[in-house]
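What follows is one structure encoded as structure tokens, with my remarks underneath.
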Amino acid sequence: MAETNDPEIPFQHREAMLRAKAAEVLAAMNQPDPGSRPPRRGSSADGRTRITVLGAVFAVIAVVAVVAYGIRFLPKDKTIPDELVGVWHTTDPRYADRPFEITKDILIFHQGGTDSTVHEILEVKRDEGVRETLYTINYDNEEAVYEFAFYYSAVPEGVIRFKNQRHMEWRRGGP
């Protein structure tokens, strides 16, 4: 066999000679000829594309997670609408001496006589419906944060109905 680096031999022939020599060596080692191997699934360019796409997906997930985590630290809306400010009473005799009071930043539950509990308002959520608005006031109760949820209807005059006691009406002012 001629020398493969002989400049007199054209390049194509040198390549064929190298392949033949490699096939002989591999046959001696009992290995299949590299030219006879089935093609690989996807080239290295496809692999790089997959890695790039996966990297982009992970980057998007990381950004969304950071933004979602950061939203928790945005200031909460604590604005109490003027129509809710005041002392609210019901005609239900079970709660006649237990009004509640809403100020711009405090929620007070009167518990009969001179007893009452005072709570700082932390957040006010508002969900407007067709006839009434659902308010959820999150307030501090020393050990935990509690929710006070009620429906407010402006018609005919301001009426509050607790979310869990829709049958009972509370009106601002005296009983």
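Every read-out reported here was derived from the displayed coordinates using simple, explicitly stated rules and does not represent laboratory data. None of the values given here were measured: they were computed from a predicted structure. No Cβ is skipped: glycine too gets one built from the backbone with ideal geometry, and neighbour counts run over all protein chains shown.
What to note about this one:
- Residues in the range 99-132 that are under 11 Å from Leu84 (Cβ atoms) and basic (Lys, Arg): Lys104, Arg126.
- If you go through the range 141-175 and keep only what is surrounded by 11 or more Cβ atoms within 10 Å (Cβ to Cβ), farther than 15 Å from Ala96 by Cα and of a type in the set (Asp, Glu), you end up with just Glu147.
- Residues that are more than 29 Å from the chain's Cα centre (by Cα) and hydroxyl-bearing (Ser, Thr, Tyr), drawn from the range 116-151: Ser116, Thr117
- Taken residue by residue, the range 90-111 has no member that is of a type in the set (Gly, Ala, Ser) and surrounded by 13 or more Cβ atoms within 10 Å (Cβ to Cβ).
- Those residues of the range 121-140 which are surrounded by 12 or more Cβ atoms within 10 Å (Cβ to Cβ) and farther than 18 Å from Trp170 by Cα, in sequence order: Ile121, Leu122, Glu123, Val124, Lys125, Arg126, Asn138, Tyr139, Asp140
- Residue count for the range 143-175, restricted to those that are within 21 Å of Thr91 (Cα to Cα), among the aliphatic types (A, V, I, L, M), without any contact (Cβ under 8 Å) to a residue 60 or more places away in the chain and in a strand (DSSP E or B): 2
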